[in-house]
Amino acid sequence: NRPMEAPALLSYMTGGLAFTLLLFGLFRRNLSSPLTRLLIAASLLTIAWCYMHIGPLPSLIPRNLSLFAVEQLRNGAWILLLLRFLPIGKNRRALVLACHTPWMAALLAAGYQYYIQQTANGDPANQLVNHTNILWLVISSAIIGLVLVEQAYRNTLPENLDGMRFIYIGIAGIFSYDLYFYVHTLLFSEINAEIEVTRGAIIAIVALLIYASLQRINNDRVQLRVSHKFVFYSASLIGIGGFLFIMSLGGYYIRRFGGNWGVLAQSIVVFGAGASCLMILSSKKARAYFKVILSKHLFQHRYDYREEWLRLIHTLTSTISGSDIHTQSLKAMTRIFQTEGGALWKKHDNKVFIHCANIGLPLVSKCELPANCTLQQYMESARRVVVLDEYLQFPERYPGLELPKWLLSSDLWLIVPLMLHESFLGFILLKNPHVKRRLSWEDFDLLKTAGLQIASFLAAEQASQTITESKQFDAYSRLTAFIMHDLKNLIAQQSLVVKNAAKHKDNPAFIEDAINTIDNSVKRMSRLLDQLKQGNQDETESAICLQNMLVDAVRKCHNREPRPSIHLTKTELYVKSSSEQLSMILGHVIRNAQDATDNNGFIDITLSQKNNQAVIEVEDNGMGMTQEFIRERLFRPFDSTKSSKGMGIGAYQTREFIRQAGGDVEIISEESKGTIFSIFLPLIETTKTTQTA
């Protein structure tokens with residue numbers, strides 16, 4: 001037996017004591033929990049491994065073999081702990097066996113070696129280091145342990161990760177240090193005493209980490225999930241790393257034993273290994289084949305539906321320069337199924353299916369299908385994906401379906417319907433994937449689900465375009481209605497001039513007033529035509545004296561009954577607005593009051609100041625309005641109570657104009673008693689004041 005020195009004694013005693021204390025803490029927890037039971041088993045084996053470095057051993061068992069056996073059992077317990085919480089799926093037995101095989105094979109190989117040495121009367125001391133195959137098995141077991149730790153850490157649910165991460169770090173520390181220890185032993189063909197002594201102290205630190213983690217765990221049942229993406233990249237990195245390690249090791253031995261050609265041979269091997277890795281990584285076919293193998297043998301379901309759904313939505317909603325919704329939809333479908341390209345057709349005007357997007361299929365870009373063809377009839381009745389190879393071999397499986405020759409190319413794979421409710425909006429044609437395989441129910445479900453989602457996006461895009469066009473027409477119609485409303489007022493002025501011409505044509509004052517009215521109407525109509533051409537109603541704003549504006553508006557309405565009366569402030573009030581628009585607005589409000597009031601009623605117009613606002617109140621004792629009418633109909637455009645005589649936009653136009661000027665309107669009305677229509681406008685500062693009668 002190898003003599004025990006003080007540092008080694010202290011190191012392993014510390015490790016054994018730390019795990020002994022951890023064991024007492026574990027017995028105080030819920031013993032029915034799988035996590036607790038597995039931790040107890042692993043802790044017992046770790047304690048035995050630590051104390052076997054200290055105490056005497058039976059003489060019938062060599063020290064190095066017994067330690068090796070307990071160490072492998074300890075590693076098996078930690079691997080079992082990690083595997084217990086990984087939801088592997090239907091191939092669980094195969095994966096568990098694969099993970100346990102290296103350490104069990106190493107244990108059997110060591111026992112067989114011991115038996116051979118004993119029967120051959122050889123010296124069993126240090127026999128393990130002379131058998132590199134056993135060391136390779138131990139190294140493989142350590143690598144498997146690290147991979148399992150990585151998977152457990154990455155796929156633990158967020159709510160459990162805070163409690164489990166110290167356990168993962170501790171177990172990773174055990175396997176990492178074992179990997180370092182045995183790789184060093186393999187390379188230098190001897191055990192480094194300093195590295196071996198440190199293993200006991202490392203075990204003590206691991207015990208502290210596990211104890212700290214247990215204090216954070218409230219529920220011993222830890223749920224883990226395995227991501228397809230993480231498994232793919234982890235397995236890829238492990239495979240590439242192992243391949244490069246083997247090639248580097250081969251290069252090392254070639255250089256050592258190759259003589260004068262050693263350096264050259266090593267360079268060729270290392271460079272060839274690196275080039276091979278890059279070729280595999282850059283190959284779409286190799287990556288697709290590797291994904292198929294992993295999905296087939298490691299997971300219960302072929303697809304990670306969460307990842308596929310998020311990727312589909314991200315692709316459909318992303319905006320890329322030069323790509324429309326049709327191209328994005330096609331990209332989303334090709335990325336899910338790793339195909340080399342495809343094309344998309346969509347129904348146009350219910351007459352024909354036109355080609356809308358293409359990736360890698362230039363020969364079909366000009367092909368079209370008539371509406372109500374057998375493909376549409378089949379899709380609307382069967383609602384299933386068409387596998388073109390199957391259609392060619394077994395056409396009876398697709399009753400009533402007749403496809404054109406250009407859809408039967410050997411490069412084409414699937415026809416995916418784009419269904420919205422019961423309507424067939426179009427279809428996606430996919431080329432063969434990088435790795436062709438037999439489709440399962442999962443593939444068909446995902447194809448139909450992705451087709452439904454893409455169809456809803458295409459329908460939403462079409463509806464959005466229709467709404468945009470409708471809004472443009474609505475905006476133009478609204479502008480036209482406003483201009484027609486203004487023209488109606490101008491025509492009313494012209495009609496009034498014509499009506500009074502026969503009575504006052506010899507009156508020079510009337511002639512002058514008529515000319516001014518006509519001149520004003522011509523200018524106003526010219527501006528309205530300009531606004532119609534430009535598509536807006538913007539006019540030059542200026543400072544307006546409200547007293548003068550109201551006096552002019554009342555004067556223009558004095559020819560109708562009841563004639564309005566006016567009450568003005570002594571201080572002139574100025575606002576900034578369009579004079580012609582404001583004049584028409586005030587005239588409209590006054591005329592509406594006259595229309596709602598009998599000839600023997602009254603209309604009072606009052607101008608006052610409240611804080612920094614001018615208040616124009618038009619009060620009448622007419623028919624009034626209900627609160628429901630004010631709330632739901634008064635300001636609704638194109639809703640008129642004047643039958644064919646009105647357009648229903650006067651009140652709406654008034655409110656919008658006043659709000660654009662920074663003010664607001666307020667209406668107080670009671671049915672059969674009258675209405676007070678108040679207009680609030682922000683004042684501007686001016687030094688000019690006059691007395692107004």
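The values are calculated or read from the model by the stated rules, or taken from the named source; none is laboratory data. The structure displayed is predicted, hence computed values, not measured ones. Here the Cβ positions follow ideal geometry from the backbone for every residue, glycine too, while neighbour counts run over all protein chains shown. Side chains included, ligands, DNA and RNA excluded: accessible areas come from the protein's heavy atoms. Shrake-Rupley method; radii C 1.70, N 1.55, O 1.52, S 1.80 Å.
Our note on the geometry: Cα centres of region 609-636 and region 185-212, 89 Å apart.
Taking every alpha-carbon pair under 8 Å whose residues sit at least 6 apart, region 357-431 reaches a relative contact order of 30 percent.
The C-alpha radius of gyration of region 411-459, expressed as a fraction of 2.2 N^0.38 Å, stands at 1.20.
Each label was represented as a point 7 Å from its Cα along the Cα-to-Cβ direction; for residue 157 and residue 445 these points are 2.1 nm apart. At a 1.4 Å probe radius, carbon and sulfur cover how many percent of the accessible area of region 314-391? Carbon plus sulfur share of accessible area: 49 percent. Note on residue 346: aspartates and glutamates with a C-alpha under 18 Å away, same-chain residues under 8 apart excluded, are 324, 368, 380, 422, 461. Taking 7 Å steps out from each Cα toward its Cβ at residue 561 and residue 95 produces label points 9.6 nm apart. Distance between the modelled labels on residue 80 and residue 676, one decimal in nanometres: 9.1 nm (7 Å Cα→Cβ projection). Distance from the Cα centroid of region 341-365 to that of region 375-449 is 15 Å (rounded to whole angstrom). Full extension of the chain between residue 595 and residue 494 yields a length gain of 34.4 nm, computed as 0.36 nm times the residue separation minus the alpha carbon distance. Per residue, region 332-421 exposes 50 Å² of accessible surface when a 1.4 Å probe is rolled over the protein heavy atoms with every protein chain present. Note on residue 465 and residue 381: the extension gain reaches 27.3 nm, defined as 0.36 nm multiplied by sequence separation minus the Cα-Cα distance. Protection proxy ranking, highest mean first, for peptides 370-376, 162-168: 162-168, 370-376, where packing is the per-residue count of other beta-carbon atoms within 10 Å, averaged.
Over 27 Å apart at the Cα level, from the set 347/436; 576/610; 570/673; 576/673, are 347/436; 570/673; 576/673.
The stretch between residue 396 and residue 27 holds 126.1 nm of extra length on full extension. This uses 0.36 nm per residue minus the Cα-Cα distance.
Can you work out the FRET efficiency for the pair residue 133 and residue 437, with r the C-beta to C-beta distance and R0 = 35 Å, to the nearest 0.05? The pair residue 133/residue 437 has a calculated efficiency of 0.45.
If you wrap region 535-637's Cα atoms in a convex hull and average its projection over all directions, what's the area in nm²?
8.2
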